[in-house]
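Chemist: If you scroll down you'll find the structure; I have some questions about it.
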Amino acid sequence: MKNKYIASFEQAQIASKNVPEFRAGDTLRLAVTIKEGDKSRVQNYEGICISIRGEGTGKTITVRKIGANGVGIERVFPIYSDSLE
């Protein structure tokens, strides 16, 4: 059970972010902002969504891509993160 103030704050955070509709099994192309010291860059990550978990601001997705030599690489991304574009 969440506090009503925390729940209203989370709803305000979710409302300000525009997230497209997708399901597990869809191919996603994510633009991830990476900060290195005082510089930042955008790195693309493309793979298949294998799971969607959580609710509210804690909702995450797991994306798997096939790297070099056929090795699978999985990363977990918070959907409402500021580092995702």
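Chemist: Just one of 42, 63 is out of contact with any Cys (no Cβ under 6 Å at 6 or more places or on another chain) and not hydroxyl-bearing (Ser, Thr, Tyr); which is it?
Modeler: 42
Chemist: Now, a different point. Which pairs have Cβ atoms under 6 Å, sit 6 or more apart or on different chains, and link a residue in segment 51-74 that is over 30 Å from residue 8 (Cβ atoms) to one that is assigned to a loop (DSSP other than H, G, I, E, B)?
Modeler: Close Cβ pairs (under 6 Å, with a partner that is assigned to a loop (DSSP other than H, G, I, E, B)) amount to 73/67.
Chemist: Suppose we filter segment 1-58 for residues that are at pLDDT below 90 and among the charged types (D, E, K, R); how many remain?
Modeler: So the answer is 6.
Chemist: Given the conditions (1) touching a residue at least 24 places away in the same chain (Cβ under 8 Å); (2) under 15 Å from the mean Cα position of the chain (by Cα), which single one is not true for residue 10?
Modeler: Exception for residue 10: condition (2).
The values are calculated or read from the model by the stated rules, or taken from the named source; none is laboratory data. Every value quoted in this text rests on a predicted model; they were computed, and no experiment measured them. Ideal geometry is used to build each Cβ from the backbone, glycine not excepted, and the neighbour counts take in all protein chains shown.
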